[in-house]
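This report refers to the structure that appears directly beneath it.
The numbers here are math on the coordinates, done by the rules we state, and not lab data. These figures come from a predicted structure and were not determined experimentally. Positions of Cβ are backbone-derived with ideal geometry, glycine not excepted, and every protein chain shown enters the neighbour counts.
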């Protein structure tokens, strides 16, 4: 870990960033295509099943983004800053504190979905067979919510310590679990029962059982530089506070992002089931950006956090800008390709002309602005590493207000079309990226005390 720390503090920025990011990016891209394959399998069950999964998808992504990029970002940031400041014991204890948080947040999601899922999916436009499909899929997936959180937060702790290989390997395991298991459980091949759309959810839970066990055993083994202690006396308010100080506000940001998707899905639902399905498969491309941004973002988070912990603020800011420019270039390339050739993506999931028309409209209006979204998200991750996420969260608030409040006003009060709704979404993306960039440019991270609560306590 010491050699890794020295590279993070003094190595060439782009080289270290790519070394940390590439394993995560490659594996998460593969995992995203596993998710695409799962959607492809579900599409054989018909438009109602596809629409049902589309209704659940924003809620599932809310949980995954809260656990990975929200609270998980707080875990990674706290671990990185502890290592940067030379507090190895705190870094280890933070892993146990992360596990406690994972169990608590996971239970909240399970109870909330079982209690309010039907009303939520109905409010988003689900009805009849589409509503039944959404409940079958969601009940299976959210039964394993604790496992999702455990995997996310333990992996975040490892990434915060500069270990991206093990989390990437665990994520890559989804290829060997989900690709064969999903179709077996969906269609009931051989001795496996035909579970329909529920089978896709059951396969996801089985993967997370395996992933959680692998991470726990690794963190308890001598091979891991970061260790998971099973000593409840090391669950401390100051360490939980260090995670939640950054992770709590970051979680608000992920809630905003996914609430935006949920409310926009509701607005699209006013135009019918075909519109929901078309928007669902088109906006899935937005989530293909997440592996790229998450891989680069967590690398930048770790580098920024370690440098902030060591007091190297100027280097931390340089890392953030380098990462932001790389992210913008990659996401804009994808966005332009999708806008010019939308059928190449959409026809993977549907041949229904009405569904394809909605998806094409969305990609041609929104996708050209993916680059702005990319730099905004990268600077959000950098802010997590620095323990400064207020401006990225405020930028997310602006995006939420424009996309949802203005979007619903356009559709409901002014009788606007899908095209006008999607233009509103594009404007919201520009606002998000623009505010985040301007805020870092004007304010930076050099003002105020950069020490964490843990560091301050340790010094006393």
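A few comments on the model shown:
- For peptides 74-85, 40-51, sequence by mean Cβ density within 10 Å, most packed first: 74-85, 40-51
- Cα centroid separation, the stretch 197-218 to the stretch 231-271 (Å): 22
- Tilt relative to the chain, helix 145-160 - C-alpha long axis, 0 to 90 degrees, to 10: 40
- Which of 332, 236 has the fewest Cβ neighbours within 10 Å, and the rest in rising order: 236, 332
- You can think of it this way: the chain between residue 89 and residue 44 has 11.0 nm of extra reach, that is 0.36 nm per residue less the Cα-Cα gap.
- The angle between the Cα long axis of helix 273-309 and the longest principal axis of the Cα atoms of the chain comes to about 0 degrees, rounded to the nearest 10.
- Kirkwood Rh and Cα Rg combined as Rg/Rh, the chain: 0.96
- Full-extension gain in nm, residue 175 to residue 37, via 0.36 nm per residue minus C-alpha separation: 48.7 nm
- Using 0.36 nm per residue and subtracting the Cα-Cα separation, the extra length available between residue 100 and residue 397 on full extension is 104.0 nm.
- Under 17 Å from the residue 225 label point (7 Å along Cα→beta-carbon), backbone N, the stretch 79-116: 79-95
- On Cα atoms only, tilt of 128-142 relative to the major axis of the chain in degrees: 20
- Between the beta carbons of residue 15 and residue 390, assuming R0 = 25 Å, the FRET efficiency works out to 0.20 to the nearest 0.05.
- Per-residue Cβ neighbour rank within 10 angstrom, fewest leading, 443, 274: 443, 274
- Estimated purely from DSSP H runs of n ≥ 4, each contributing -39500 (n - 2.57), the mean residue ellipticity at 222 nm for the chain is -27000 deg cm²/dmol once divided by its residues.
- Going from the fewest other Cβ atoms within 10 Å to the most, the residues 115, 445 appear in the order 115, 445.
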